[in-house]
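Shown below is the structure under consideration.
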Amino acid sequence: MKTVALNDLHVSLGAKMIEFAGYNMPVLYNNLIQEHLAVRNSVGVFDVSHMGEFLLKGEKALDLIQLVTSNDASKLTDGKVQYSCLPNTDGGIVDDLLVYRLNANEYYLVVNASNIEKDWNWISSHNTFGVEMTNLSDAYSLLAVQGPNAIKALQKLTEVDLSSMEYYTFKMGALAGIEHCIISNTGYTGAGGFELYVKNEDAKKLWDAVFEAGKEFDIMPAGLGARDTLRLEKGFCLYGHDINDTTSPIEAGLGWITKFTKPFINHEHHQALKTNGVSKKLVGFELIDRGIPRQYYPIKDASGNVIGEVTSGTQSPSLNKAIGMGYVSTEFSKVDSEIFIEIRDKQIKAKVVKIPFL
């Protein structure tokens with residue numbers, strides 16, 4: 001099992017550690033609801049250094065990215081970030097990822113920890129363009145400082161004007177005396193904040209500085225448990241749950257990152273789905289009766305027929321109600337459609353609602 005640079009720190013803080021994507025990771029430090037609400041209402045810090053980072057360099061770097069990703073990366077300018085996915089040849093998704101444009105010939109790709117090797121092999125297998133590829137995943141740490149007070153805490157540590165940075169942009173700059181940090185106005189919580197990329201040897205210095213700067217805002221470390229409940233409240237897809245090797249971005253409601261302005265791997269399949277319609281759709285739902293939905297629970301209609309499956313579910317700490325996402329037959333995808341989640345052989349009434357939940 002791999003460890004992140006700050007592994008010993010998390011253990012010393014009393015974090016509950018679990019195996020996640022081949023890494024020893026903190027799932028919670030003390031109380032999931034407290035961690036969740038700290039991020040939603042003030043500021044919290046996630047160590048997500050298990051994520052993968054690839055650097056692509058060369059005159060044809062954009063050509064390679066355009067081929068392997070569904071979004072139109074030609075729209076990027078220096079300092080912009082784009083959410084995208086890697087379509088496979090079978091109608092599904094290899095992974096979802098972020099594409100950072102450093103300059104016209106250099107791009108930085110951030111991929112899911114569980115898919116680092118898979119993504120590297122996939123992109124490499126399509127690199128007929130002579131693009132120089134470097135896997136930086138083991139050399140860099142990533143702290144996600146999230147929440148409405150993240151900007152106030154972090155501004156103490158840098159001369160970069162954070163308030164002028166738009167969502168999905170980044171700047172290179174000094175942070176807490178550490179040179180050449182990537183400061184990115186992105187995150188997976190929907191609570192605002194920044195993601196900070198530094199070399200492993202600088203991770204502890206950055207962590208300590210961030211917590212000192214955030215002390216007045218009751219800053220709190222947050223584990224993967226809170227990261228999951230926060231992203232679900234905002235309806236963000238999680239690879240391996242809401243999207244996978246068999247789901248199309250069109251079915252997943254990710255048509256907005258699927259641009260047919262250029263050819264990409266298997267684009268004809270996804271264009272046909274967009275044109276002709278899909279047989280299943282990813283929807284959000286909330287439970288009307290008591291229960292908590294979990295991945296793989298069957299979704300049924302009033303007659304007991306299986307019409308889909310839960311992909312993600314939880315008790316929402318912000319809303320204090322059970323929510324989830326899942327694929328259902330298209331005829332049940334309209335808002336307010338009545339559905340039933342099978343939980344321990346009981347049919348629990350639910351209704352389809354608009355995403356995001358919050």
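The values are calculated or read from the model by the stated rules, or taken from the named source; none is laboratory data. Remember, it's a predicted structure, so these values are computed and weren't measured experimentally. Neighbour counts run over all protein chains shown; Cβ positions are idealised from the backbone, glycine included.
What is the one condition in (1) surrounded by 17 or more Cβ atoms within 10 Å (Cβ to Cβ); (2) not assigned by TED's automatic domain parsing to the domain that holds ILE33 that ARG227 does not satisfy?
(2)
Moving on. Six or more apart or on different chains, Cβ under 8 Å: which pairs go from a residue in segment 233-246 that's among the hydroxyl-bearing types (Ser, Thr, Tyr) to one that's surrounded by fewer than 17 Cβ atoms within 10 Å (Cβ to Cβ) and modelled with pLDDT of 95 or more? Could you list them?
From residues that are among the hydroxyl-bearing types (Ser, Thr, Tyr), the pairs are THR246/ASP90.
What pairs can you find where one residue is in segment 338-358 and surrounded by fewer than 16 Cβ atoms within 10 Å (Cβ to Cβ), the other is at pLDDT 95 or above and among the polar types (S, T, N, Q), and their Cβ atoms are less than 8 Å apart, with a gap of 6+ or different chains?
Close Cβ pairs satisfying both conditions: LYS351/SER337; LEU358/SER316; LEU358/SER318.
Can you run down the residue pairs with Cβ atoms below 6 Å, 6 or more apart or on separate chains, where the first is in segment 105-118 and within 7 Å of GLY52 (Cβ to Cβ) and touching a residue at least 12 places away in the same chain (Cβ under 8 Å) and the partner is of a type in the set (Gly, Ala, Ser) and surrounded by fewer than 23 Cβ atoms within 10 Å (Cβ to Cβ)?
Close Cβ pairs (under 6 Å, with a partner that is of a type in the set (Gly, Ala, Ser) and surrounded by fewer than 23 Cβ atoms within 10 Å (Cβ to Cβ)) amount to ALA113/ALA21; ILE116/SER137.
Quick one: how many residues across segment 116-151 are closer than 18 Å to LYS199 by Cα and over 21 Å from the mean Cα position of the chain (by Cα)?
Total satisfying the criteria: 1.
Give the residues of segment 177-235 that are touching a Cys at 6+ places or on another chain (Cβ under 7 Å) and hydrophobic (A, V, I, L, M, F, W, C), sorted by residue number.
Here is the first cut: in segment 177-235, the residues touching a Cys at 6+ places or on another chain (Cβ under 7 Å) are 196-198.
Matches in segment 177-235: LEU196, VAL198.
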